[in-house]
Every structure is written in C-alpha cells, then in structure tokens.
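Peer 1: Got a structure for you, questions after.
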Amino acid sequence: MHTRAAVGGIAVMASVVALCALSWYAQQTEPPSERFLGGRPSTPGGLGTSCANASNRSAFATLFTAKNPCYELALAVFLKTFLTTNSVHRMIVLHGPGVALSPELRLLAGDSVTLVEVPLLKDTFVQPRLRTMATKFQLWELTCFSKIAYYDADHIFFENADNVFSACSTDFCAVPDPSPSGHRAGQFNAGAIVIVPSSAYAQYLWREYRRRSDFLSSKDVKRSGDQVFLNFVRRGAWQPLASTFNAQHGARGAVVHDKLWKNKSGLDFGTIFGGSSFLKRLLVQCEAEERAGKRAR
C-alpha cells in the first residue's frame, strides 16, 4: 500500500506540473528544425491555474534523458542525497517519453519529487553524449516558479543548498568553471545554473540554438550541447556563485559534481548508498557497462 501511495502521489504531481513544463512547444510559432527528432507533447500547453500553488516558489530541477545503469545510478544517488538535506523546495525531474523510471527509483523519490515528461530535443550535429542537452532549455518554461536551480543528475548533495536561491540576485547565476586556462577560462559551468523562468527567453534560446552555426565555429557547434552555447549567449550577463554550490575536480562543497563510476572525489559509497541493495546493484551494472565500453574502444 505504501509503495502504491508513493507512486500515485508522484503521478498526481507530475500531471499538475506537466502543463507548466510543456508549454514551450505549444507556444512555438515555428516547426522544429529537421536536426531535432523530438515530438510534440500529448498534453496541450498553457499555464492556467494548474501551477497556482507553486507561484513565487523556487524549485530544484534535473534532467534524465538516457536510460542506462550509470545514469540511473547517478539520478538515484542525486535524489537520495538531495532528500537527506531536508530542503524546503521541491525537486523536479524532467525526463523523456522513452525514458522510463524504474519502480525502485520512483519509490526512492517519494512524494517530494515531481516527475515531468517532456519531449526530447535530439540534435544529430553534436557529440552523442550531448545530443539531448538542448532539452534543458525547457527549464525556462517552468514559469509557475520564481527561480529554478538546475543540476545535472551526476551531482551529489552533501549539505542543504537552499541558500543558492538567495545567493542568486539576477536572472542567471552559475559557478565559474574551475579550469584555469584553455577554452573554458572565464566561463561558467552549465551543469549547475540558477535561472528565472521566462517563456519569452525559452523561445529566444530555441531560436538562437537553431542558428548557432551563424556565430559559433563548426568545432564549437559539435560540442555546444549547452556549455559552449549558453556561455556565448550569456557572455557578460551572469552572476558568479560560490564554488560550494557546484564543487568540481575533487573539491568539496555542499553539492559535488562527480560521476560515480569515475569517482574522482574519492567518495565513500558505503556512506552514500546507506546499505541500499538497489544502488549497489546499479553500481555493479554500471561498472560492467564501463568495462565493456572500454574494451569496445
């Protein structure tokens, strides 16, 4: 009964918030570019009163677009560690229509997490691992929230990060990329951003992304799923956040960016997993997939 109630609660919340998250496509005046393969949502767009209770509230969000053991493990740990911080804000998981969340993952999420199905925007011109990153632009359509703190699902929460919202006083905030030199010097890391949703800005991003070959080199187009592109369109127009909100390259912070299967931060899986057989099983499957991938290369 407990399992059915938890899953049922998630389904209800998903249906309530979905209209807000999906309204971008309904408002488009131009058909999707041929380079995108995602379809239109079955639920009509429009905000109406469905998000009335969320008005002027902030929320965390992430994206789940690839169904494989490694990224399911990352999302599971992401949600598990987020829930242990006792955040007062809701977590929203945007996922593609073909990316089914396992019953174990849904149960782990509980009723503090809202699952929202969105159309995947697949770009065949970029590296395979970046082909669905433009789906992130739909975050700006969550206009029933005053602010959204987005994190890639391969982040781990070690402390409550609710003050990231008060730390951000503009419409776009991010942690500077820690690379001291190279092509990312002076840029932000797009894996964690705080935004003020705006339908008009969502359409602007969609429009600019479709014509990015006009202002980015062919090399940058191929690697511009979101990192290069967002740094270009937001150049000089973003507020830096403290590194604790997106600690990288082995650094410690409230939220750490680390792929579990690489574990550059020396994470203690025993503490993070908390005895969960589900997470241990995913880690074994992920490590096996990584080994197979290396052999194939």
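The values are calculated or read from the model by the stated rules, or taken from the named source; none is laboratory data. The structure presented is a predicted model; accordingly, all values stated were derived computationally and were not measured. Don't worry about glycine lacking a Cβ; one is built from the backbone with ideal geometry, like all the others, and counts go over all protein chains shown.
Peer 1: Exactly one of (1) at pLDDT below 90; (2) closer than 18 Å to Tyr150 by Cα is unmet by Val93. Its number?
Peer 2: Checking Val93 against (1) at pLDDT below 90; (2) closer than 18 Å to Tyr150 by Cα, the one that fails is (1).
Peer 1: How many residues are out of contact with any strand residue (DSSP E or B) (no Cβ under 8 Å at 6 or more places or on another chain), assigned to a helix (DSSP H, G or I), aliphatic (A, V, I, L, M) and under 19 Å from Leu120 (Cβ atoms) when one looks only at segment 60-77?
Peer 2: 1
Peer 1: Of the residues Ser217, Ser198, which single one is in contact with an Asp or Glu (Cβ under 8 Å, 6 or more places away or on another chain) and surrounded by fewer than 17 Cβ atoms within 10 Å (Cβ to Cβ)?
Peer 2: On the way: Ser217 fails: in contact with an Asp or Glu (Cβ under 8 Å, 6 or more places away or on another chain).
Checking each option against the conditions leaves just Ser198.
Peer 1: Tell me, please, whether a residue that is assigned to a loop (DSSP other than H, G, I, E, B) and modelled with pLDDT of 85 or more can be found in segment 212-220.
Peer 2: Yes, segment 212-220 contains at least one residue that is assigned to a loop (DSSP other than H, G, I, E, B) and modelled with pLDDT of 85 or more.
Peer 1: Given the options Phe232, Phe278, name the one that is at pLDDT 90 or above and not in a loop (DSSP other than H, G, I, E, B). Lay out the reasoning, then the answer.
Peer 2: Numbers: Phe278 fails: at pLDDT 90 or above.
Being at pLDDT 90 or above and not in a loop (DSSP other than H, G, I, E, B) holds for just one of Phe232, Phe278, which is Phe232.
Peer 1: Give the residue, chosen from Lys80, Lys136, that is in a helix (DSSP H, G or I), modelled with pLDDT under 90 and surrounded by 17 or more Cβ atoms within 10 Å (Cβ to Cβ).
Peer 2: Lys136
Peer 1: From Ala192, Ala185, Ala247, Ala174, which residue is at pLDDT below 95 and crowded, with 21+ Cβ neighbours inside 10 Å?
Peer 2: Of Ala192, Ala185, Ala247, Ala174, the one residue that is at pLDDT below 95 and crowded, with 21+ Cβ neighbours inside 10 Å is Ala247.
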